[in-house]
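Working notes, structure below.
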Amino acid sequence: MIAAFTACTQTQKTATKKTSSGKPAKQFPPGVQEGLATWYGGNHHNGPTASGEKFNKHAMTAAHRTLPMNTRVKVTNKKNGRSVELRINDRGPYGNRRRIIDVSEGAAKLLDMIEAGVVPVRVEVMR
């Protein structure tokens, strides 16, 4: 329990990375990421998640590679400004490293990203 609390309260240091053009990459404050989001639902509905709970495609949940389970995040679709608060209960996305979060189908509907499938987002850890 203490280890989990400590992991949630540690601050992240921002590192300066260079892009392929040699220019420094855009930096974000701790707890903020920008990248691509995808959504999942359908055949995953009622299947297991990494947290042990059943996946509910209608719930306001998401999968993230590194954030602790039950972390609450605000996800904003950068194309239209729509945002939603989600709870991390699964791991992913897998494959493309530019994809930083997988949101449930219910969240994707609120973010208006069903048709596009992949959209640029801002993910902010809620304090």
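The values are calculated or read from the model by the stated rules, or taken from the named source; none is laboratory data. None of these values were measured; they are calculated from a predicted model. All Cβ positions, even for glycine, are placed from backbone atoms using ideal geometry, and neighbour counts span all protein chains on display.
Descriptive notes on the structure:
- The number of residues in the stretch 38-83 being within 20 Å of VAL118 (Cβ to Cβ) and part of a strand (DSSP E or B) comes to 12.
- Complete set of residues in the stretch 47-89 that are of a type in the set (Lys, Arg) and surrounded by 16 or more Cβ atoms within 10 Å (Cβ to Cβ): LYS57, ARG87
- Qualifying positions in the stretch 113-127 - farther than 12 Å from VAL75 by Cα and not hydrophobic (A, V, I, L, M, F, W, C): GLU115, GLY117, ARG127
- Qualifying residue in the stretch 92-104 (condition: of a type in the set (Gly, Ala, Ser), more than 14 Å from VAL123 (Cβ to Cβ) and at pLDDT 95 or above): yes
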